[in-house]
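A.B. asks: Mind having a look at this structure? Questions to follow.
Bear in mind that the values in this text are calculations on the coordinates, not laboratory data. All values reported here derive from a predicted model rather than from experimental measurement. Using ideal geometry, Cβ is built from the backbone for each residue, glycine included, and neighbour counts are taken over all protein chains shown.
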Amino acid sequence: MGKSLVIVESPTKAKTISRYLGKDYDILASIGHVKDLPKSELGVDVEQSFLPNYEVIRGKGKILKEIRRAAEKADKVYLAPDPDREGEAIAWHIANEIRKKNDKIYRILFHEITKQSVHKALDEPLELDQNKFESQQARRILDRLVGYQISPILWDKVQRGLSAGRVQSVAVKIVVDREKEIRAFNPEEYWTVGLNYLGSKEPEFSAKLFKIEGKKAEVKAEPQASAIVETLKAGPHVLTKVDKKERRRHPVPPFITSKLQQEASRRLRMSPKRTMAVAQQLYEGVELGSEGPTGLITYMRTDSTRVADTALDELRAFIGKQYGPEYLPKSVNQYKNKKGSQDAHEAIRPTSVTFEPDGIKSYLSRDQYRLYRLIWERFVASQMVPAVYDATAFDIECDKYLMRATGQVMKFPGFTRVYIERLEEANARNEKRNDGSNADLPDLVEGETVKLLNIDPKQNFTQPPPRFSEAMLVKELEDRGIGRPSTYASILSTIQDKKYVRKLDGRLSPNELGEVVTELLVENFPDIMNSEFTATMEEQLDDVEEGKLPWLDVLRRFYSPFSATLEKAKEHMRNVKRQEKPIGMTCPKCKVGDLHIKWGRNGSFVGCSSYPDCDFTSEYKRDDKGEVKLIEDPVTDEICEKCGSAMVIKNGRFGKFLACSNYPACRNTKPVKVGVKCPEEGCKGDIIEKRTRKGKLFFGCDQFPKCRFASWDRPVAVACPVCQNPFMVEKGQTSGGTVHQCPKCGFRKEKEEVEDGQG
């Protein structure tokens, strides 16, 4: 009997699986997708039933050749990419490549990489899932039809390099619409009245004005507030009602993908992209000393809260032993999936609850540990008893006014001993208010008169809706049914990479480019930009996966009206390049022309309407109300060697550069120095920013071609604390900040941030 071949998509996954399989198995990794639609063309023949033209991805030819050679020798071939649509597409394309060499091809699925799961999958092999593959193919073709046919129109009407997307453009619109709400918001004044009391027993407690003549207290202005204060000062204040109730707070279900991204963003300050990358590492396997590479969590792309019975049995035994029987419910806590969720995968959970976070901390990176701890604690808490507390409310009356004080006392912590969900603030306000809530209330009786200690009237103003955090936007996309759990991270990453959206103080705000493109797309492609339409498309793709709808039907229904809209847009979409919008300011240079927003090769800028007689230009930004503010070019210490004027920093098509402030009389430019001397022995040059022919940033010596030093990583003027090398390089970002690495000894250091505590 010959060997069997197992093909996965990740080398890490291959290494972990190899622990569980003996010498009768060869394991190869495809390193992700091996085939895709071509980058340089549409790659879909819409006239021939949307026939896709798949081609081998650049660099994957050698891998496919190795796979074909191994398949020819193998007794059986097991295709084991991830258990989702993308994994099915990888398996399908590999199967098509090797079928002539070996037709004994099986699909195996495991939702966690453990010995039991891997062997069970091999014992119960499946056929390739055509419905799942066709669902992925339909999604890929839809995205290609939208992106590759709308984007060129944007290049023509706005600027080159722009992109549109079936889901990403709707996500940008959500951010843009929120910004419009913020700009249009008019704050309204209102007043709150806080009071401090002392009853017949301590402690003191706080209350707030709650009702006026039996109706919700609405105090609009200072005179009304002052009149209320005068009446309340006169008293008396009588405790008319004491309401005591035992309340229970129930645990939340284990994580699904979207909830993990939201909670990791709120609690750990991890972006969705980073969260999914770290979760992938935990899923594929981490070296645990003598244990070897071990998968620590189940598959991280899921919208189901279901948990396997074996995992529940292990967890219940763990809770009873670790926390005591009083923390264990009599029966398993059941959680409902949201409507339309796919139940193919379990919730995200530890592969074994016995891998306690602190017990394996030394084997994990900082982010791996923090994310694993979050997943572990949420899973454990999900099968614990509710928290029990006594909630008390006091109603205090004075004249026609009713004040209310609230308090609660924890009687039994239940699941909160392990985990408390951290909810996103409903708004971005941070001011502290006297809202009548207390940690505890004294043991008072109805009918007694309480002593008024002080009154604190406060002027407030209503606040606009907050900008979306990444966690909030993920929740918004999920609530609207836009995209799917596996796509949220890439959507948020793409809209920021494309400069449609930026982060301001941790919140997402649209750039001018995002607003302009959104406006054009809404005008010309209303269906594509409609949330309900996009959500319906997602439902249809789910129906394809479930075998309820042919994939070609989805494409035909979409493309017929879309192609007509496309032709109309090519002709009628506004040409922003030719438009100039006045901003209501006079040119500061010529004092005659008006300033307009104009569009050039590198995007929008402010220029004088008297051009070419006046050549004034400036970058700009908008304030919270959308008003334009000019940004003057930062002056540097560099002096132009041609005319002696100061050099200023400019932003160009390929990034920042130095330009003479005497432009256009002097057109001298220089690259930007990074502040690090060339490390090559004998060279006295400076390291500068450079670009390849394709525009990719790198760093090289300004003495080129005499010195050929180059680095893809940005050098920083920070000496290595280990080997004293005079500089380090930036090696990406983590939630803790920028990672610096020594190019000489390999020492790594990242900016530490205070870790959020757990509940």
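A.B. asks: Normalise the Cα radius of gyration of the chain by 2.2 N^0.38 Å (N = residues in it) and let me know the number. It would help to have the intermediate numbers written out before the result.
C.D. replies: Details: Rg = 31.3 Å, N = 759, 2.2 N^0.38 = 27.3 Å.
Compared with the compact-globule rule of thumb, the chain sits at 1.15.
A.B. asks: Quick check on my link table: of K3/K65; K39/K670; K650/K744; K570/K650, which ones sit more than 23 Å apart, alpha carbon to alpha carbon? Mind dumping the intermediate values first?
C.D. replies: On the way: K3/K65 18 Å; K39/K670 34 Å; K650/K744 33 Å; K570/K650 33 Å.
Too far apart for the 23 Å limit: K39/K670; K650/K744; K570/K650.
A.B. asks: Continuing with this model, one more query. Say the cut-off is 27 Å between C-alpha atoms; which of K400/K458; K35/K104; K475/K656 go over it? Spell out each step's value before the answer.
C.D. replies: On the way: K400/K458 20 Å; K35/K104 21 Å; K475/K656 36 Å.
Violating the 27 Å limit, Cα to Cα: K475/K656.
A.B. asks: Now for a separate question. Less than 17 Å apart at the alpha-carbon level, and either on another chain or at least 8 residues along: which aspartates and glutamates does that give for K76?
C.D. replies: D24, D26, E66, E97, D103, D123, E124, E127
A.B. asks: Another question, then. Using 0.36 nm per residue, how much length does the chain from C590 to S200 gain when fully extended, once their Cα-Cα distance is taken away? Present the calculation step by step, with values, prior to reporting the outcome.
C.D. replies: Details: separation 390, 0.36 × 390 = 140.40 nm, distance 7.65 nm.
Extending this stretch completely gives an extra 132.7 nm.
A.B. asks: Report, in debye and to the nearest 20, how large the dipole of the chain comes out about its Cα centre when Lys and Arg carry +1 and Asp and Glu carry -1 on their Cβ. Numbers along the way, then the final one.
C.D. replies: Values: 125 positive and 113 negative charges, 479 e Å.
Dipole size: approximately 2300 debye.
A.B. asks: Between D143 and R502, what's the calculated FRET efficiency when r is the beta-carbon distance and R0 is 30 Å? Round to 0.05. Could you put the intermediate results ahead of the total?
C.D. replies: Working: r = 24 Å, r/R0 = 0.80.
Here the calculated transfer efficiency is 0.80.
A.B. asks: Another question about this same structure. Under 20 Å Cα to Cα from K577, which lysines show up? Leave out anything in the same chain fewer than 8 places away.
C.D. replies: K157, K498, K499, K568, K598, K621
A.B. asks: Among C590, I491, Q463, which residue has its Cα positioned farthest towards the positive end of the charge dipole of the range 444-594, with +1 placed on the Cβ of Lys and Arg, -1 on the Cβ of Asp and Glu, and the dipole taken about the Cα centre?
C.D. replies: Farthest towards the positive pole: C590.
A.B. asks: Place a +1 charge on the Cβ of each Lys and Arg in the range 244-396 and a -1 charge on the Cβ of each Asp and Glu, then give the dipole magnitude about the Cα centre in debye, rounded to the nearest 20.
C.D. replies: Values: 25 positive and 18 negative charges, 152 e Å.
It works out to roughly 720 debye.
A.B. asks: Which residues does a label at K581 reach in the range 140-159, if reach means a backbone N under 15 Å from a point 7 Å past the Cα toward the Cβ?
C.D. replies: Residues 158-159 fall inside that zone.
A.B. asks: Enumerate the residues in the range 547-561 having an amide nitrogen under 19 Å from the point lying 7 Å beyond the Cα of L51 toward its Cβ.
C.D. replies: So the set is 551-553, 555-556.
A.B. asks: What is the calculated FRET efficiency for K706 to R160, with r their C-beta to C-beta distance and R₀ = 35 Å, to the nearest 0.05?
C.D. replies: Values: r = 35 Å, r/R0 = 0.99.
Step by step, r from the Cβ atoms, then E = 0.50.
A.B. asks: Do any cysteines of the chain lack a neighbour Cys whose Cβ is under 4.7 Å away, and which are they?
C.D. replies: Unpaired cysteines in the chain: C398.
A.B. asks: Can you tell me the relative contact order of the chain? Whole percent, Cα pairs under 8 Å, sequence separation 6 or more. If you can, show how the numbers build up before the last one.
C.D. replies: On the way: 1412 pairs, mean separation 97.8, N = 759.
13 percent.
A.B. asks: Could you sort the peptides 217-223, 84-90, 166-172 by per-residue average Cβ neighbour count (10 Å cutoff), highest mean leading?
C.D. replies: On the way: 217-223: 13.1, 84-90: 23.4, 166-172: 25.0.
Going by the mean number of other Cβ atoms within 10 Å, highest first, we get 166-172, 84-90, 217-223.
A.B. asks: Report relative contact order for the range 136-274 in percent, whole number only (criteria: Cα-Cα under 8 Å, sequence separation at least 6). Don't skip to the end; give the middle numbers.
C.D. replies: Numbers: 70 pairs, mean separation 15.3, N = 139.
Averaging sequence separation for qualifying contacts and normalising by length gives 11 percent for the range 136-274.
A.B. asks: Same structure, new question: In nm, to one decimal, how far is the modelled label at M410 from the one at E41, with both set 7 Å along Cα→Cβ?
C.D. replies: About 6.5 nm separates the two model spin labels.
A.B. asks: Which of the listed residues, S206, Q334, I105, is farthest toward the dipole's positive end in the chain, when Lys, Arg count +1 and Asp, Glu count -1 at the beta-carbon?
C.D. replies: Positive-end residue among those listed: I105.
A.B. asks: May I ask which of K220/K451; K211/K451; K677/K749; K15/K361 have a Cα-Cα span longer than 23 Å here?
C.D. replies: Details: K220/K451 27 Å; K211/K451 20 Å; K677/K749 21 Å; K15/K361 21 Å.
In this structure, K220/K451 exceed 23 Å between Cα atoms.
A.B. asks: Which of the aspartates and glutamates could be linked to K241 by a straight reach, that is with a Cα gap under 14 Å, when you skip same-chain ones fewer than 8 residues away?
C.D. replies: Within the straight-line cut-off, K241 pairs with D395, E397, D443, E446, E448.
A.B. asks: Only residues of the range 404-423 count here: report those whose backbone N is under 17 Å from the spot 7 Å along Cα→Cβ of K241, or say none.
C.D. replies: From the range 404-423, the list is 404-407.
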